[in-house]
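Please read the structure below before turning to the comments.
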Amino acid sequence: YSNSQKQFESVYFINQFTGFASGVYGVVFKTSNGGNSWSMKDSIGNNTDLYSIHFANENTGYIVGGKYDNALLLKTTNSGESWQDTINLSMPSMRGAYCSKYVYLVGSSGAIYRSANSIGIVNISTEVPKNLQLEQNYPNPFNPVTTIKFSIPRNSNVNLSVYDVQGRIVSVLIKEYLQVGTYKFDFNGENRTSGIYFYRIKAEEFIDTKRMVLVK
């Protein structure tokens, strides 16, 4: 693929088929066939250059950039279908982004930033629960976003994943070491087909699975 009218600064693939490229003048391009063809997904504006793109998981990604003394951070929670302006500040533009448990940003002024909260997952209580529990998602049925809550009574390695009816993994929502407490995660099924899905949590020896229904 070649487009002499565009200048790209960063590229990132969330799986073997789906990838994104960002560049000057605020353009975001997407491929769904492993890079054989690309189409413009979004345009932020001529006064913005997008230098770096990175995804924390299949749904959540960030693009950083800016122009002159204005820094910009864009966020998607629906696999790049749309991007929201998260930060737009009067400060030197951001040049790089990396997402793991947190969002890390580097600026042209030599500054390094880290988000205060972890991505996707939200700790809603630090009170020690009596048992490890996975709650029923709400709303259910849902379209397209539903909330999954769970509680862990001790610090644990937690894996929370979504499966289709054939037992194939659709998305890994959480795979990290968490402190004791109660958490929630908003699952976005905008890019999924209607139907029955299952979400499963594994924390140490505890495993539990529940059913949810996406209706469009």
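The values are calculated or read from the model by the stated rules, or taken from the named source; none is laboratory data. If you're wondering where the values come from, they're calculated on a predicted model, not measured in any experiment. Neighbour counts run over all protein chains shown; Cβ positions are idealised from the backbone, glycine included. These area figures cover heavy atoms from the full protein model, side chains too; ligands, DNA and RNA do not enter into them. Shrake-Rupley method; radii C 1.70, N 1.55, O 1.52, S 1.80 Å.
Compare the peptides 124-136, 140-152 by average per-residue count of other Cβ atoms within 10 angstrom and give them in order, highest first.
Details: 124-136: 12.8, 140-152: 18.0.
Output ranking for 124-136, 140-152: 140-152, 124-136.
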- [ ] Determine the distance separating the Cα centre of the range 164-216 from the Cα centre of the range 18-45; give it in Å without decimals.
- [x] 29 Å
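Provide the gained length on full extension for the span I112 to T193, in nm with one decimal, where the gain is 0.36 nm per separating residue minus the Cα-Cα distance. List each step's numbers first, then the result.
Details: separation 81, 0.36 × 81 = 29.16 nm, distance 3.93 nm.
Working it through step by step, the gained length comes to 25.2 nm.
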Open item on the list: Taking amide H atoms as placed 1.01 Å from N in the peptide plane, list the residues 5 or more away in sequence, or in a different chain, whose amide H sits under 5 Å from that of G189.
Closed with: V145, T146
Open item on the list: Skipping prolines and chain starts, which residues have an amide H placed within reach, meaning under 5 Å, of the one on G65, given they are 5 or more residues away or on another chain?
Closed with: Y51, L72, M94
Open item on the list: Explain nothing, just compute: Karplus ³J(HN,Hα) = 6.51 cos²θ - 1.76 cosθ + 1.60, θ = phi - 60°, for every residue of the range 189-194 in order, whole Hz, x for Gly and Pro.
Closed with: x, 4, 9, 10, 7, 4
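Between R211 and D85, what FRET efficiency comes out of the Förster formula 1/(1 + (r/R0)^6) with R0 = 35 Å and r the beta carbon distance, rounded to 0.05?
On the way: r = 36 Å, r/R0 = 1.03.
Computed FRET efficiency for D85 and R211: 0.45.
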- [ ] Take the Cβ-Cβ distance between N155 and V24 as r, set R0 to 41 Å, and report the resulting FRET efficiency rounded to the nearest 0.05.
- [x] 0.35
TODO: List, in order, the whole-Hz ³J(HN,Hα) value for each residue of the range 134-150 obtained from phi through the Karplus relation with A = 6.51, B = -1.76, C = 1.60 and θ = phi - 60°; use x for Gly and Pro.
DONE: 10, 8, 5, 5, 9, x, 7, x, 9, 6, x, 10, 9, 9, 10, 10, 8
Task: Accessible area per residue in Å² at 1.4 Å probe, computed on the range 138-184 - done: 47 Å²
Open item on the list: Going by amide H atoms built from the backbone, whose H comes under 5 Å of the H on T18, apart from near neighbours?
Closed with: G34
Task: Of K30/K184; K75/K216; K41/K75, those spanning more than 18 Å from alpha-carbon to alpha-carbon - done: K30/K184; K75/K216
